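Structure first, commentary second.
The values are calculated or read from the model by the stated rules, or taken from the named source; none is laboratory data. As the structure is a prediction and not an experimental result, all values here were calculated from the model. All Cβ positions, glycine included, derive from the backbone under ideal geometry; neighbour counts span all protein chains shown. When the accessible area is computed, the model is the full protein with side chains, heavy atoms only, and any ligands, DNA or RNA have been set aside. Shrake-Rupley method; radii C 1.70, N 1.55, O 1.52, S 1.80 Å.
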Amino acid sequence: MTDRVLILDFGSQFTQLIARRVRENGVYCEIMPFNTDVKKQQAFQPKAIILSGGPASVTEQTTPRAPQWVFEAKLPVLGICYGEQTMAAQLGGGVESGHDREFGRAELEIKEPSPLFDGVWQKGSRYPIWMNHGDKVTAIPPGFKVVATSEGSPFAAIADETRRFYGVQFHLEVVHTPDGAKILRNFTRGIAGCSGDWSMKAFRAEAIRRVREQVGKGKVICGLSGGVDSSVVAVLLHEAIGDQLTCVFVDHGLLRQGEAEEVVKLFRGTYNIPLIHKDASDLFLKKLDGVSDPEQKRKIIGGLFIDVFEAEAKTVGDAQFLAQGTLYPDVIESVSFTGGPSVTIKSHHNVGGLPERMHLKLVEPLRELFKDEVRALGRELGLPESLVGRHPFPGPGLAIRMPGTIDRAKLDLLRKADAVYLDEIRKAGLYDKIWQAFAVLLPVKTVGVMGDARSYDHVLALRAVTSTDGMTADSYPFEHAFLAKCATRIINECRGINRVTYDVTSKPPGTIEWE
């Protein structure tokens, strides 16, 4: 069994980033809420434990604490932000609130050498870090020493080298701490001694073995959307169980230009996977006629999708299993003890789960992976880069890229404009540098002069964002000449649009959903 790291979640917006950084170093890890049953935590058999940050205050009696076994298991422990504070409080130190808050960029001064900073940060030097705390450690527990300070944190990094307990007040996991991933590597690979042998090749073999063990000779239905997640699930399952798999592709008429044809060609032609293709666009557009509220659109699309999928799935016969592209962030959020806005946010992006009345057992081979890891698995399986590297495209499709009412003419116009925009991005060699780019047909018209005539046509907004972790984003800094070229092509080739604008947008840390 590969070495494992357990991350106990206290509700930080950055917890998933900790897991991503650990896995990037070839070490397998999982996140569990701090209050998960202790037997389940111990059964995971971690080689090290990381305590995440969180929004609570250790100074209050009812706030979360780390299970006591964590400090008695003789395992390396790293506490981050709230994790450091609860470690200090539980082991005999002190924490206070209400003064010297630190939010945003700060500077760390290294006071003492430590294996945690070995080969990365040197004694006597200063380094940029990211702080996000209101409370602070005011006294360290017996056996600990101070290894780094900041202007507002006299105990910004502490260590008990004998017990291999470490605490940092700053966030190692965010890109705003440039060397944070190296520090996490020091903890997991150096201090904890994890081998770092976790890879997509190993995951592929193990996932295929588990699918065969779960499914046996049963039949499996897979909902295929043409996106990365469902495509990787389909190819992985086909490699594992062959023609026991049938894919159902419901075309709701809200896909990008040429996408439906690509799905059919790839999975029927290239992979020879049994595929049911249901063109239900007329039904979806009829139900969406006159609807402008975005949440109502989402619910209509989700409800219809379930009905159409269920009807087509029944034609497969005696299928016992349903394959889904559930990812690890979905699993984490479904058991989050903090709740929060993610449920509402996800309702904007997804079209809902399939009903229990189908009485099918779930097969979820990707439930341990993050999005970037799914892409890596897709490459390992040999899927074309044009699919594996495709920008995220949410379940409701163009419905959420067209504020206001929907009709076929506007959808065709948006598809064409979006295709021109992406074509120019690809020609400029920018597609892989951008996390997500798309066009939005705004629910307004504007007066313009085109040639010798006055026009009254749609306004199109272009959006492109960059991201290194899928949690934060900034607008892509296109050159003006590029945007001018895009606008010229769109206005010339897409009759019905007379103005193009670029949407400069950003998403702060903690934002994990994408349009």
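Looking at the stretch 1-20 only, could you name the residues that are of a type in the set (Val, Ile, Thr) and either in contact with a His (Cβ under 8 Å, 6 or more places away or on another chain) or over 26 Å from Ala205 (Cα atoms) (or both)? Answer for the stretch 1-20, where residues must be of a type in the set (Val, Ile, Thr) and either in contact with a His (Cβ under 8 Å, 6 or more places away or on another chain) or over 26 Å from Ala205 (Cα atoms) (or both): just Thr15. Of all residues in the stretch 335-354, those satisfying the criterion of being open to solvent by 30 Å² or more (accessible area, probe 1.4 Å) and either out of contact with any strand residue (DSSP E or B) (no Cβ under 8 Å at 6 or more places or on another chain) or modelled with pLDDT of 90 or more (or both) are Thr338, Gly339, Gly340, Pro341, Val343, Thr344, Ile345, Lys346, His348, Asn350, Gly352, Gly353.
Within the stretch 366-382, identify whether any single residue is surrounded by 14 or more Cβ atoms within 10 Å (Cβ to Cβ), touching a Gly at 6+ places or on another chain (Cβ under 6 Å) and at pLDDT 90 or above, and answer yes or no. Looking through the stretch 366-382, at least one residue is surrounded by 14 or more Cβ atoms within 10 Å (Cβ to Cβ), touching a Gly at 6+ places or on another chain (Cβ under 6 Å) and at pLDDT 90 or above. Quick check, is Asp418 buried (at least 19 other Cβ atoms within 10 Å of the Cβ) and of a type outside the set (Val, Ile, Thr)? Judged against the criteria, Asp418 is a match.
It is to be established whether one or more residues within the stretch 81-100 are open to solvent by less than 30 Å² (accessible area, probe 1.4 Å), among the aromatic types (Phe, Trp, Tyr), at pLDDT 90 or above and within 24 Å of the chain's Cα centre (by Cα). Yes, the conditions are met somewhere in the stretch 81-100. Please go through the stretch 32-62 and give me each residue that is under 14 Å from Tyr82 (Cα atoms) and without any contact (Cβ under 8 Å) to a residue 12 or more places away in the chain, ordered by number. Correct list: Glu60 only. I'd like the full set of residues that are assigned to a strand (DSSP E or B) and open to solvent by 30 Å² or more (accessible area, probe 1.4 Å), limited to the stretch 423-443. Listed by number, the residues that qualify are Leu442, Pro443. Show the residue pairs meeting these rules: Cβ distance below 6 Å; 6+ apart or different chains; first residue within the stretch 186-204 and within 30 Å of Val233 (Cα to Cα); second residue open to solvent by less than 60 Å² (accessible area, probe 1.4 Å) and small (Gly, Ala, Ser). Between residues of the stretch 186-204 that are within 30 Å of Val233 (Cα to Cα) and residues that are open to solvent by less than 60 Å² (accessible area, probe 1.4 Å) and small (Gly, Ala, Ser), the close pairs are Gly196/Gly26; Trp198/Gly26; Met200/Ala376.
Table: residues versus (1) at pLDDT below 95; (2) of a type in the set (D, E, K, R); (3) within 19 Å of Ala157 (Cβ to Cβ).
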{"site": "Arg21", "(1), (2), (3)": "yes, yes, yes"}
{"site": "Glu24", "(1), (2), (3)": "yes, yes, no"}
{"site": "Glu30", "(1), (2), (3)": "yes, yes, no"}
{"site": "Gly54", "(1), (2), (3)": "yes, no, yes"}
{"site": "Pro64", "(1), (2), (3)": "yes, no, no"}
{"site": "Pro76", "(1), (2), (3)": "no, no, yes"}
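The set of residues from the stretch 444-460 being in contact with a strand residue (DSSP E or B) (Cβ under 9 Å, 6 or more places away or on another chain), open to solvent by 10 Å² or more (accessible area, probe 1.4 Å) and either on the phi > 0 side of the Ramachandran plot or not acidic (Asp, Glu) (or both) comprises Val444, Lys445, Thr446, Val447, Gly448, Val449, Met450, Arg454, Ser455, Tyr456, His458, Val459.
The rows are residues; the columns are (1) open to solvent by 10 Å² or more (accessible area, probe 1.4 Å); (2) over 15 Å from Phe309 (Cβ atoms); (3) without any contact (Cβ under 8 Å) to a residue 12 or more places away in the chain; (4) assigned to a strand (DSSP E or B).
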{"site": "Glu206", "(1), (2), (3), (4)": "yes, yes, yes, no"}
{"site": "Asp243", "(1), (2), (3), (4)": "yes, yes, no, no"}
{"site": "Glu262", "(1), (2), (3), (4)": "yes, yes, no, no"}
{"site": "Arg268", "(1), (2), (3), (4)": "yes, yes, yes, no"}
{"site": "Leu283", "(1), (2), (3), (4)": "yes, no, no, no"}
{"site": "Lys286", "(1), (2), (3), (4)": "yes, yes, yes, no"}
{"site": "Gln296", "(1), (2), (3), (4)": "yes, yes, yes, no"}
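Taken across the stretch 130-142, residues that are among the polar types (S, T, N, Q) and open to solvent by less than 40 Å² (accessible area, probe 1.4 Å) do not occur at all. Looking only at the stretch 453-466, decide whether some residue is outside any strand (DSSP E or B), under 18 Å from Ala417 (Cα atoms) and in contact (Cβ under 8 Å) with a residue 12 or more places away in the chain. No, the stretch 453-466 contains no residue that is outside any strand (DSSP E or B), under 18 Å from Ala417 (Cα atoms) and in contact (Cβ under 8 Å) with a residue 12 or more places away in the chain.
Residue-level analysis places Glu84 outside the set of residues that are in contact with a strand residue (DSSP E or B) (Cβ under 9 Å, 6 or more places away or on another chain), farther than 21 Å from Thr15 by Cβ and not in a loop (DSSP other than H, G, I, E, B). Of the candidates Gly223, Gly190, Gly196, the single residue that is open to solvent by 20 Å² or more (accessible area, probe 1.4 Å) and in contact with a Lys or Arg (Cβ under 7 Å, 6 or more places away or on another chain) is Gly196.
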